[in-house]
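Please read the structure below before turning to the comments.
Taken together, the values in this text are just the output of simple stated rules run on the coordinates, not laboratory data. No experiment lies behind these values; they were computed from the predicted model shown. Cβ placement follows ideal geometry from the backbone for every residue including glycine, while neighbour counts extend to all protein chains displayed.
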Amino acid sequence: MVLSPARTAHPAFARATVFAGLRQADLEGIAAHFRPHRRHRDDPLLLEGDPAEVYYLIAEGQVKIVQTSPEGSEVILHLVGPGELVGALPNLHEGTYPASAIALSEVLVYAISPAEFEAILHRHPRVAINLLHFAAGKLRAAHDRLRELATERVERRIARTLTRLARQIGRKTERGVLLDAILSRQDLAELSGTSLFTVSRTLKQWERQGLLEAGRERIVLLDTHGLVSLADDLPGS
């Protein structure tokens with residue numbers, strides 16, 4: 001659903017890494033080139049292999065980035081939330097999307113064409129520099145994940161995924177830290193590079209130990225310090 005453009009920039013523009021360091025007046029000018037859209041859960045924003053004809057800034061909600069394996073199954077690469085740009089990094093010139101972006105919940109996104117975004121880069125060199133830093137951060141995260149998959153035991157990978165999600169989408173409640181997105185155990189398995197069986201077995205074990213509560217599509221972290229110890233592989237964990 002396409003919405004009418006807002007008169008002022010959504011707060012997501014101010015928190016976006018690519019727009020860091022800009023004056024409010026510049027943010028307002030940049031935001032005027034973006035068009036707001038609403039998407040429902042499971043709606044695709046981008047599809048792997050399609051021509052890269054639009055980029056999105058996530059304003060509200062969560063989006064999963066997925067790729068299709070050679071066998072035809074989908075694998076979640078990571079999640080993105082408010083303030084993150086989707087679709088731009090590999091496609092600043094002509095190209096196709098290397099992965100799909102699927103709404104995990106109701107989301108508000110702001111769309112811009114590649115030509116308009118490139119014009120912003122020319123007018124605001126700070127944005128181009130920020131984009132390079134953003135790309136470098138994504139590359140480091142990808143390298144870290146490859147290292148985790150190659151060298152770390154599966155329980156540590158699952159704990160790392162949970163603590164990473166707590167930083168990205170965690171919301172404090174009376175019980176603990178709620179992972180504020182609809183995540184299935186299969187989603188968690190893909191993010192951790194393991195099987196559904198292993199994730200289910202590990203979550204049950206951690207529930208018995210009082211580390212978390214795991215519902216069908218809802219996880220509450222009860223002992224974040226304990227999970228951090230597991231993620232960091234500290235003695236006694």
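Helical runs (DSSP H, four residues minimum) scored at -39500 (n - 2.57) apiece and divided by the length of the chain put the mean residue ellipticity at 222 nm at -12500 deg cm²/dmol. What separates the Cα centres of the range 169-192 and the range 1-80 is a distance of 21 Å. On the beta carbon distance between HIS122 and ALA32, with R0 = 22 Å, the FRET formula returns roughly 0.85. May I ask for the longest run of the chain untouched by trypsin sites (Lys or Arg not before Pro) that are loop-located per DSSP and have at most 16 neighbouring C-beta atoms (other than their own) within 10 Å? My reading of the result: 42-152 is the longest stretch. Each Lys and Arg Cβ is given +1 and each Asp and Glu Cβ -1; about its Cα centre, the chain then shows a dipole of about 640 debye. The Cα atoms of the range 153-231 give a gyration tensor whose axes a ≥ b ≥ c have a/c under 1.5, which makes the shape rounded. With neighbours defined as other Cβ atoms within 10 Å of a residue's Cβ, the residues SER184, SER229 order from fewest to most as SER184, SER229.
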